[in-house]
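Each remark here refers to the structure printed beneath this line.
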Amino acid sequence: MAKKTCIVLAAGDGKRLKTEKPKVLMEVAFEPMLVWVLDSVKASGIKRIGVIIGNNAELIEKRLEKYKCETFLQAERKGTGHAVMQAESLLRERQGDVLVVCGDAPFMDEETINGAYELHKSQGNAVTVITAETPAPTGYGRILRGKGDRVIGIIEEADCTDKQREITEVNSGAYWFNAGSLLDVLPKLDNDNKSGEYYLTDTVELLAERAGTGIGAYKTANGNVTLGANSRRALRLLNKIAAEMIIDSHLDNGVDIIGESSIIGRSAVIGKDTLIMPNTIIKGETVIGSGCVIGPNTLIDSCEIGKNVTLNNVQAYESVIEDNVKAGPFVHLRPKTVLGKDVKIGDFVEVKNSSIGEKTAIAHLTYIGDSDVGGGVNFGCGSVTANYDGVKKHRTVIGDNAFIGCNTNLIAPVKVGADATTAAGSTITRDVPDGSLAIERAQMNIKENWGRNYERKDK
Amino acid sequence: MAKKTCIVLAAGDGKRLKTEKPKVLMEVAFEPMLVWVLDSVKASGIKRIGVIIGNNAELIEKRLEKYKCETFLQAERKGTGHAVMQAESLLRERQGDVLVVCGDAPFMDEETINGAYELHKSQGNAVTVITAETPAPTGYGRILRGKGDRVIGIIEEADCTDKQREITEVNSGAYWFNAGSLLDVLPKLDNDNKSGEYYLTDTVELLAERAGTGIGAYKTANGNVTLGANSRRALRLLNKIAAEMIIDSHLDNGVDIIGESSIIGRSAVIGKDTLIMPNTIIKGETVIGSGCVIGPNTLIDSCEIGKNVTLNNVQAYESVIEDNVKAGPFVHLRPKTVLGKDVKIGDFVEVKNSSIGEKTAIAHLTYIGDSDVGGGVNFGCGSVTANYDGVKKHRTVIGDNAFIGCNTNLIAPVKVGADATTAAGSTITRDVPDGSLAIERAQMNIKENWGRNYERKDK
Amino acid sequence: MAKKTCIVLAAGDGKRLKTEKPKVLMEVAFEPMLVWVLDSVKASGIKRIGVIIGNNAELIEKRLEKYKCETFLQAERKGTGHAVMQAESLLRERQGDVLVVCGDAPFMDEETINGAYELHKSQGNAVTVITAETPAPTGYGRILRGKGDRVIGIIEEADCTDKQREITEVNSGAYWFNAGSLLDVLPKLDNDNKSGEYYLTDTVELLAERAGTGIGAYKTANGNVTLGANSRRALRLLNKIAAEMIIDSHLDNGVDIIGESSIIGRSAVIGKDTLIMPNTIIKGETVIGSGCVIGPNTLIDSCEIGKNVTLNNVQAYESVIEDNVKAGPFVHLRPKTVLGKDVKIGDFVEVKNSSIGEKTAIAHLTYIGDSDVGGGVNFGCGSVTANYDGVKKHRTVIGDNAFIGCNTNLIAPVKVGADATTAAGSTITRDVPDGSLAIERAQMNIKENWGRNYERKDK
């Protein structure tokens, strides 16, 4: 198989979006646009990718780590042709065919990349432009076709005749080039135009002028490939399109999604007959089993969730939640939480960096941090693991079937044995053996005829 | 009055929706589609209803309990004609007229059912098809009309000429039949078609072939009667239509609904000048008085709520909330809660299976369970009713104007008298007489020059 | 400069909206429609404003306090002409030019008011009607224009010929009048029409009949100026238009707004690169710095928020939140809270009427009320300021770098010194000197072989 290379144009700044961030890092469905593009390029089977970066290059490089791309700095912004020139060494090394794509057009897809490649090879083209039909061509370069539907050029809107302006096939800004042909014409680009920039589009005309050079155009069925974001309003529209696209794919998999207010990221996997209630956000590499009820008002980021789980008004981060867990409303599960099967978490509960055994119940107003909790444990309301002594964090260990009384303070490091009990209101400062009761409590006194002006007299 | 009977076709499975549930149990505005249909049938005055059920019949029967329907099992799925045949005994017993409706077309309404019945009787028809005009007839059977607008048949889309395909009057799938006529032609249905199924539609043609038999069509003004859900996307659309329909009816009653994210179920009654803030869900048989502010982020399920109530970020289930109550944000009211007039509930409070007297204040971080609380009581922050001893739940009783100190544990069963006080941080294990102070507290000691490394030294 | 006066028609009741409130107090984007109108009038530079009020006049007068308007009671509802007559004394006193606007058409803007005034003066008109093009003119008075595009009249829909009904330039209901001319014709209005009301529109015809009197029309580019609310459905539409208008203006300023469920009031100022997550409500005179993440599920009312602040599922009212604060999820900040730089607030925390010093951490399940807290303080889980003794509220003062143990009760008035520590579970009833440890705790006992039936035995 011929060598395939990709160059991603990612040097654009965010001035028009009034952001300090590089434009390609602006997010669609909680992922930078550049990540959308790179995922499609990777999925299409291209292994060598050069990314042209500009301002704030280090921010982009950080996001690229897992993609193992090469980066090329375009120190000055002199147009798309100039951008591609920065990767000249990569083109020379690789030869073969090179896909050039925009890092800020997130909806480029694997099928389009590969469909265009097949046409490119079967026609032996020097360049194959990826095009799309759009009902709203304003602002795009139009595709000129001649006899036999052959592409004869791309004309920018500014240069269109009235008739040409009616053309609805437009340039997506993505191309397959023969690397050798591209290297031949890149040095011939000039910046003798209004912006004073070197345009990659001009390579098409330069190649067309060469005798016997094939110019092709692949019209994709995915009309969204042309969409980019030159304003926050446009970025918002991309987000809306992405949100609907993702929701439709989950509906088609048998997921129920109630209302218009939930937003699901690109990477979530959700089982059938799971119900997503309104105003739910699902982010990161989250997997949710079947038969769950997620939401309302639930935020899940990078969690692994089993079957028949109920999460009502929960925020859960980087946690594992096993089958039949019920949690909520008003619950915060912080990273490294593991909830075993059939665990019940009630309202106003935080769990952090802890494993909770099967069937344990944490009903209300409780904080469990840095703890290893057995199965069948019952936490009374207001239980607290005091895991921080002002200097270090310590762990709490609780055995199976222990009963932690209301408003118990467990001063870590501390161990409560299996079947042990702590009396309500006790501060537990040393280990409690299995099956025993720990109690820290003064005598209760009654002062009669106390009347009003309560607490004051008590001092 | 002639006898009216209804047969509801409810045997469809959910394969196309990728659900294990029977299709008619898929929900629109928090109610199964079958419930929408049955409510309209009941409202139209029909008292005997036969429901044809298929897979997971027991799930449907459970939901039907309050409707007192007869059910008929269609063990094999052999088409709508075959489905109706399963209720042959009901048709023979009842005679008169029979309405056949789809259990998965939720927007069939009382006016349509009765309007069609009147036409059916006035024309003395053997069958009266319920039809509707739709701008998007694709997929529906078209209504053929001849001279004098008389119905001459129903033609399925697959069999339409190009001209017939332009017809915009379509079959809703609901019919009034003369029971005797229907019984005559049902045995004559055959399954000699592509699907190998017995179609109820074919009865119309069979009846039309009989000399002197009237065939009618009632075109309803409610264009939504034809809508069903053959995919989750379609189900989502039904939900959107239902949501807007319900919201419009509340607006017309003088309710304010801010934003697009609230969803109100079919059965809620809401008083005028009540404001529904964004992202509010109202379900079940909920009644809300006038002048309330409900939401944002509030979920109410089956509650009775008085006038001038404020519920901000509250989840309330099967509770009674009297006039002028203010609750929230972040409040959980579990079933069997009764909040008297002018009660104030602050943040991070759960109340469960308890009655709270007038003007009582529960300001923050408190759990009241299984309690009978008087009026004018003040709960300090962190008050807890320890209602569970690991074996049983017990009740707490608190008299009028008692003052419960912060972080008090009330170990039930226990009684705090009227005007009594509990000191902050006390665990109350026995009854507190009226007007007295209960205190459980050790001496407070100061250790000077303690410095850092705090809690550790304390062990 | 000539004297400019404004008369705002605000006497309409809310019958058609089924509200007890005056119609002009119905809200669009959390502000009464009347406030929208008055803000535009003020912005256009008009200093004397008369407001015609009707039922529930005192409710309107309360909202008008800061605008220093004069009010004129229209005791009976006899039409718009009659309404203006109530302000006759103001017209006589002021002379010059008078703008008449509807108090229930919230989108009237400064540019339109001033553009119309310029035309009015340059043409020396007796009246200049403010008009707009609309694709949906149904219900509006149409503008009749003659030779040279000159206005020759306004014709109500009921009186339109079919041809006139196609006119898409409509009357906004707002006018600039020469006060003298208006005073001349007002007494000549009659109520000889179907409603029996005196129509202000009729003044145009009366003025047109006078020789040499100029009649003009200013067609504004803002098509929304005509929009009012004669039903709750229409009011909801106004809210939707306003929401989109406001969101677009923030997008254009470099703010990111995810999803469709957030609603931002008219007065909020938000810095660039701030991200508004779904279901966020921003009300009042709120200022938010750049680089913040606000939401999801956050409600901010009248707060001052610095840069790089994170508010996740927070409700904040009349508070000051300095740079780099992180709060949430599930946090309630009540009025008069000041959070210093780098403060961290975790889950289930309420702060009220308190100042919290830099870098202080309040991680979970804590209530801080009426307190002055230094910097670098650490609050353990369940800390409570017991600020209410049943009679009065008292303050708590905590020095820098103090460490408050879990479930500590601070019985105000009380002072915890700098670098002081309180042991977990202690009730602190008197001052704690700097650097010392305060502890209130009984001895902890273990009872072995306690077994099940826990708490009961403990009584």
Subset of region C:371-394 that is facing another protein chain (nearest Cβ under 7 Å) and closer than 24 Å to B:ALA402 by Cα - its residue that is surrounded by the most Cβ atoms within 10 Å (Cβ to Cβ): C:GLY382
Could you please find all residues in region A:240-265 being over 21 Å from B:GLY259 (Cβ atoms) and at the interface with another protein chain (Cβ under 10 Å from one of its Cβ atoms)? A:ASP248, A:HIS250, A:LEU251, A:ASP252, A:ASN253, A:GLY254, A:VAL255, A:ASP256
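Return the residues of region A:1-34 that are within 19 Å of the chain's Cα centre (by Cα) and either part of a helix (DSSP H, G or I) or away from chain C (no Cβ under 11 Å) (or both); say none if nothing qualifies. Explain how you work it out, then say what you get.
Step one: filter region A:1-34 for residues within 19 Å of the chain's Cα centre (by Cα), giving A:10, A:21-34.
Those that are within 19 Å of the chain's Cα centre (by Cα) and either part of a helix (DSSP H, G or I) or away from chain C (no Cβ under 11 Å) (or both): A:ALA10, A:PRO22, A:LYS23, A:VAL24, A:LEU25, A:GLU31, A:PRO32, A:MET33, A:LEU34.
Conditions (1) open to solvent by less than 10 Å² (accessible area, probe 1.4 Å); (2) aromatic (Phe, Trp, Tyr); (3) free of Cβ contacts under 8 Å to residues at least 40 places away in the same chain; (4) out of contact with any Asp or Glu (no Cβ under 9 Å at 6 or more places or on another chain), marked per residue:
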position: C:ALA87; (1), (2), (3), (4): yes, no, no, no
position: C:PRO106; (1), (2), (3), (4): yes, no, no, no
position: C:THR112; (1), (2), (3), (4): yes, no, no, yes
position: C:GLY115; (1), (2), (3), (4): no, no, no, yes
position: C:LYS121; (1), (2), (3), (4): no, no, no, no
position: C:THR134; (1), (2), (3), (4): no, no, no, no
For B:ILE246, all conditions in the list (1) in contact (Cβ under 8 Å) with a residue 24 or more places away in the chain; (2) closer than 18 Å to B:ASP104 by Cα hold save one; what is the number of the exception? (2)
Residues of region C:28-86 that turn out to be of a type outside the set (A, V, I, L, M) and over 24 Å from C:ILE246 (Cα atoms), as a count: 24
Among (1) under 33 Å from the mean Cα position of the chain (by Cα); (2) more than 10 Å from every other protein chain (Cβ to nearest Cβ); (3) surrounded by 24 or more Cβ atoms within 10 Å (Cβ to Cβ), the one test that C:TYR367 misses: (2)
If we scan region C:316-329, do we find a residue that is assigned by TED's automatic domain parsing to the domain that holds C:GLY289, within 25 Å of A:GLY382 (Cα to Cα), among the polar types (S, T, N, Q) and open to solvent by less than 20 Å² (accessible area, probe 1.4 Å)? no
Let me confirm something: among B:VAL338, B:VAL397, B:VAL351, which residue is surrounded by 24 or more Cβ atoms within 10 Å (Cβ to Cβ) and aliphatic (A, V, I, L, M)? B:VAL351
When you go through (1) surrounded by 22 or more Cβ atoms within 10 Å (Cβ to Cβ); (2) in contact with a Ser or Thr (Cβ under 6 Å, 6 or more places away or on another chain); (3) away from chain A (no Cβ under 14 Å) one by one for C:ARG232, which number turns out not to apply? (2)
Picked from region C:266-310 (must be among the charged types (D, E, K, R) and part of a loop (DSSP other than H, G, I, E, B)), the residue farthest from the other protein chains (Cβ to nearest Cβ) is C:GLU285
When every residue in region B:144-168 that is in contact with a Leu (Cβ under 9 Å, 6 or more places away or on another chain) and buried (at least 16 other Cβ atoms within 10 Å of the Cβ) is compared, the one farthest from B:LEU91 (Cα to Cα) is B:ILE167
Which of the following residues is surrounded by fewer than 15 Cβ atoms within 10 Å (Cβ to Cβ), within 26 Å of C:ARG145 (Cβ to Cβ) and of a type outside the set (Phe, Trp, Tyr): C:GLY212, C:GLY216, C:GLY196? C:GLY212
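Would you be able to say whether some residue in region B:438-454 is of a type in the set (Val, Ile, Thr), in contact with a Gly (Cβ under 9 Å, 6 or more places away or on another chain) and within 7 Å of chain A (Cβ to nearest Cβ)?
Yes - at least one qualifying residue is present in region B:438-454.
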Taking the options C:LEU207, C:LEU189, name whichever one is away from chain A (no Cβ under 14 Å), in contact with a Phe, Trp or Tyr (Cβ under 6 Å, 6 or more places away or on another chain), more than 30 Å from B:ASP248 (Cα to Cα) and of a type in the set (A, V, I, L, M, F, W, C). C:LEU189
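I'd like the residue in region C:54-85 that is touching an Asp or Glu at 6+ places or on another chain (Cβ under 8 Å) and assigned to a loop (DSSP other than H, G, I, E, B) and, out of all such residues, is most open to solvent (accessible area, probe 1.4 Å).
C:ARG77
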Kindly indicate which of A:VAL37, A:VAL51 is outside any loop (DSSP other than H, G, I, E, B), open to solvent by less than 30 Å² (accessible area, probe 1.4 Å) and in contact with a Ser or Thr (Cβ under 9 Å, 6 or more places away or on another chain). A:VAL51
Could you please give the count of residues in region C:402-412 that are at the interface with chain B (Cβ under 7 Å from one of its Cβ atoms) and either surrounded by fewer than 21 Cβ atoms within 10 Å (Cβ to Cβ) or farther than 16 Å from A:ILE411 by Cα (or both)? 2
Test: C:LYS415 is crowded, with 18+ Cβ neighbours inside 10 Å, on the phi < 0 side of the Ramachandran plot, basic (Lys, Arg) and out of contact with any Leu (no Cβ under 8 Å at 6 or more places or on another chain): yes
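The values are calculated or read from the model by the stated rules, or taken from the named source; none is laboratory data. None of the values given here were measured: they were computed from a predicted structure. Cβ sites come from the backbone with ideal geometry, for glycine too, and all protein chains shown count toward neighbours. For accessibility, only protein heavy atoms count, side chains too; no ligands or nucleic acids. Shrake-Rupley method; radii C 1.70, N 1.55, O 1.52, S 1.80 Å.
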